[in-house]
Amino acid sequence: MTLNWKRVTVAAAVAVVGVLVAWYVILPRFQPHIFGGAVIQSTQRVPRTELMSADGPVRMTDFEGKVVVVYFGYTFCPDVCPATLSKLATSLKILGDRADDVQVIMVTVDPARDTAEALKEYVTHFDPTFIGLTGDEAIINQVATLYGVVYEPAEGSAGTGYTVDHTSTVLLVDKEGYLKLVLPFEGSAEQIASDIDYFLG
Amino acid sequence: MSKKVIIRSAIPVILIIAAALAFVVFEPIQVLPRIRIAPGYLLVNQDAETITSEDARGAIVLYNFAYSGCGGDCAAMNRTLEEIQSRLDAVDTGDTEVRFVTISLDGDGDSPDVLRDYASDLGADTDLWQFATGDPVHLENVVKAGFEVYYERGDNGTYAFAPTFVLVDGWGVIRGEYRYQTQASDADKIVRHLGILGEEVRNSHGAASLAYEAAHFFLCYP
């Protein structure tokens, strides 16, 4: 039997193209999204507690249809909070137009000093769409606890007064109002953007 | 019957046996569901030190809820904890610590001194097994709203509550809830679940982590 070299070449070419398509086009579709944090699988609703923004009362459940990014911090925060907020602002820039369906919220862990107005001025410095929320100490304690966040006033320098140690996780709430993802403080802006993108659908 | 026919008809049987063998050898990965975020808390332990949910980050923690005056009602729960503690050596969680925290529901009555006596009555190694309580209002947020364990203070200083264990991973996510079960056989289940969590922690890097994430999506729950 003699080999038909033309046929062999065509078959080889088809096989190579097939493998390339499978590798670069089909396989990635079946690969699970790699999250930057822990995904909550059951249906954990965000608390409906009413908090206060400079523009009136706000509930976490007011944002259905948007992916909500929740962070707990305070305006006197020397390091972690500004770093996280500017990272979140970068994530929104990466998302471009898709960021229209994202709401970033910072809830204060220092309600004694953070007025709604001070919070607004602080968070909008990072991105004009950010919202800052405050409330009674009892309500903040309740909301923080349910988000797995703990905070404790600590001693600070003479210049800043006291500081507040607090959990630095970033929490993602999906469009239906379910708490879905816990992200560590170390996550990159790119990773956060891709996780938000996943929940935007 | 010719030899060929016999061989042909044997092939499906051999394939089925091989598949069954493969299933036994390559057990499917088991994972515990990620149920809810565990509540943040700030409590005071038996040594009058503040302990928070942040201290627990990175460790696997088994919580239960009791109070020093609970007597016989807590005996079964404490026996279960003692049994788990004695069987921990058989559980491989790699570098990840396993700890126990008993949260007292009696924030007013259970001072650090009382908790320390309670711990020593139980023979607890407090490096491993801590006892803590806190401000009653914060306690309600943590235990009732966060851990979803209901309790009610009675007139005579006793508490009505459902004996419950809650297993929390290093991310601060609730991975197991064991309710209304006070029999010692709970220990078997919890020890098995600790092993599953340990395996997940040990495999949380590289290609194996992908298989674990996939297992979460395909719901391979024990």
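Each reported figure results from applying straightforward, stated rules to the coordinates on display, with no laboratory input. What you are looking at is a predicted structure, and each value in this text was computed from that prediction instead of being measured. Note: ideal-geometry Cβ built from the backbone for every residue, glycine included; neighbour counts use all protein chains shown.
How much of the pair distance distribution for chain B lies past 22 Å, counting alpha-carbon pairs only, in percent? Before the final figure, lay out the partial values.
Values: 13747 of 24531 pairs.
Here the long-distance tail beyond 22 Å is 56 percent of all Cα pairs in chain B.
Pairwise over distinct Cα atoms, reciprocal of the mean inverse distance: report the Kirkwood radius of the protein assembly as shown in Å, one decimal place. Each step should come with its number before you reach the end.
On the way: mean 1/r = 0.0409 Å⁻¹.
Evaluated on the protein assembly as shown, it is 24.5 Å.
Given a Förster distance of 25 Å, report the FRET efficiency between B:D73 and B:A145 from their Cβ-Cβ distance, rounded to the nearest 0.05.
Working: r = 23 Å, r/R0 = 0.92.
Once rounded, the FRET efficiency stands at 0.65.
Helix-only mean residue ellipticity at 222 nm, the protein assembly as shown, DSSP H runs n ≥ 4 weighted -39,500 (n - 2.57), per residue, nearest 500. What is it?
On the way: 12 runs with 150 residues, N = 423.
Result for the protein assembly as shown: -11000 deg cm²/dmol, rounded to the nearest 500.
Applying 1/(1 + (r/R0)^6) with R0 = 30 Å to the Cβ-Cβ distance of B:S120 and B:A160, what FRET efficiency is obtained, to the nearest 0.05? Let's see the in-between values first.
Numbers: r = 26 Å, r/R0 = 0.88.
Efficiency at R0 = 30 Å is approximately 0.70.
So which chymotrypsin sites (Phe, Trp or Tyr not before Pro) in segment A:109-201 pass both tests, a DSSP loop state and at most 16 other Cβ atoms within 10 Å of the Cβ?
On the way: sites: A:Y122, A:F126, A:F130, A:Y147, A:Y151, A:Y162, A:Y178, A:F185, A:Y198, A:F199; in loops: A:F126, A:F130, A:Y147, A:Y162, A:F185.
The qualifying sites are A:Y162, A:F185.
Given a Förster distance of 35 Å, report the FRET efficiency between A:A154 and A:R45 from their Cβ-Cβ distance, rounded to the nearest 0.05.
Values: r = 32 Å, r/R0 = 0.91.
Rounded to the nearest 0.05, the efficiency is 0.65.
Under the definition of partner shielding as Cβ atoms of other protein chains within 10 Å of a residue Cβ, what is the mean value for peptide B:167-174?
Numbers: counts 0, 1, 1, 1, 8, 7, 7, 4.
Counting Cβ atoms of other protein chains within 10 Å of each residue's Cβ and averaging gives 4.
So how far, in whole Å, is the C-alpha centre of segment B:147-179 from the one of segment A:77-126?
Taking the Cα centre of segment A:77-126 as reference, the centre of segment B:147-179 is 34 Å away.
Note down the Stokes-Einstein diffusion coefficient of chain A in µm²/s, whole number, using a Kirkwood radius over alpha carbon pairs, 37 °C, and 0.692 mPa s. Numbers along the way, then the final one.
On the way: Rh = 18.9 Å.
Translational diffusion coefficient: 174 µm²/s.
Note down, for segment A:1-84, the three equivalent ellipsoid semi-axes (square root of 5 times each alpha carbon gyration tensor eigenvalue), biggest first, whole angstrom. The partial results should precede the final answer.
On the way: eigenvalues 648, 55, 26 Å².
Its equivalent ellipsoid spans semi-axes of 57, 17, 11 Å.
Express as a percent, rounded to the nearest 5, the fraction of DSSP beta bridges in the protein assembly as shown (both residues included) that run antiparallel. All intermediate terms of the calculation are to be shown ahead of the outcome.
Values: 39 of 60 bridges.
So the antiparallel bridges in the protein assembly as shown amount to around 65 percent.
Here is the link list: A:K66/A:K87; A:K180/B:K189; A:K175/B:K189; A:K87/A:K175; A:K87/B:K144. Which ones come out longer than 24 Å on Cα distance?
Values: A:K66/A:K87 19 Å; A:K180/B:K189 27 Å; A:K175/B:K189 36 Å; A:K87/A:K175 21 Å; A:K87/B:K144 34 Å.
From A:K66/A:K87; A:K180/B:K189; A:K175/B:K189; A:K87/A:K175; A:K87/B:K144, over 24 Å: A:K180/B:K189; A:K175/B:K189; A:K87/B:K144.
What relative contact order, as a whole-number percentage, does chain B give when Cα pairs under 8 Å and 6 or more residues apart are counted? Could the numbers behind the result be given before it?
Values: 335 pairs, mean separation 70.5, N = 222.
In percent, rounded to a whole number, it is 32.
Please report the antiparallel percentage of DSSP beta bridges with both residues in segment B:36-217, rounded to the nearest 5.
Values: 19 of 30 bridges.
In segment B:36-217, DSSP labels about 65 percent of beta bridges as antiparallel.
Only loop residues by DSSP count here, and only those with at most 12 other Cβ atoms within 10 Å; note down the chymotrypsin sites (Phe, Trp or Tyr not before Pro) in segment A:1-61 that meet that. Don't skip to the answer; put the middle values down first.
Working: sites: A:W5, A:W23, A:Y24, A:F30, A:F35; in loops: A:F35.
Passing both the DSSP loop test and the Cβ count: no residue.
May I ask for the distance between the Cα centers of segment A:137-201 and segment A:26-58, given as a whole number of Å?
Measuring centre to centre over Cα atoms gives 12 Å.
PRE reach from A:R59 (point 7 Å along Cα→Cβ): which of segment B:31-48 fall under 17 Å by backbone N?
In segment B:31-48, the label zone of A:R59 (backbone N under 17 Å from the point 7 Å along Cα→Cβ) covers no residue.
For peptide B:31-40, compute the average count of partner chain beta-carbon atoms within 10 Å of each residue's beta-carbon.
Numbers: counts 1, 0, 3, 7, 4, 9, 12, 2, 8, 13.
Mean number of neighbouring Cβ atoms from other chains: 6.
When chain B is modelled as a GNM with alpha-carbon springs shorter than 10 Å, which of B:A66, B:A22, B:A75 fluctuates the most?
In the Gaussian network model the winner is B:A22.
Within 10 Å of each residue's Cβ, count the other Cβ atoms and sort B:D55, B:D155, A:D79, A:D195 from fewest upward. All intermediate terms of the calculation are to be shown ahead of the outcome.
Details: B:D55 18, B:D155 5, A:D79 9, A:D195 25.
Listing B:D55, B:D155, A:D79, A:D195 from fewest to most nearby Cβ atoms yields B:D155, A:D79, B:D55, A:D195.
Could you tell me the relative contact order of segment A:1-118? Use alpha-carbon pairs under 8 Å, at least six residues apart, and round to a whole percent. Mind dumping the intermediate values first?
Numbers: 71 pairs, mean separation 28.4, N = 118.
Relative contact order of segment A:1-118: 24 percent.
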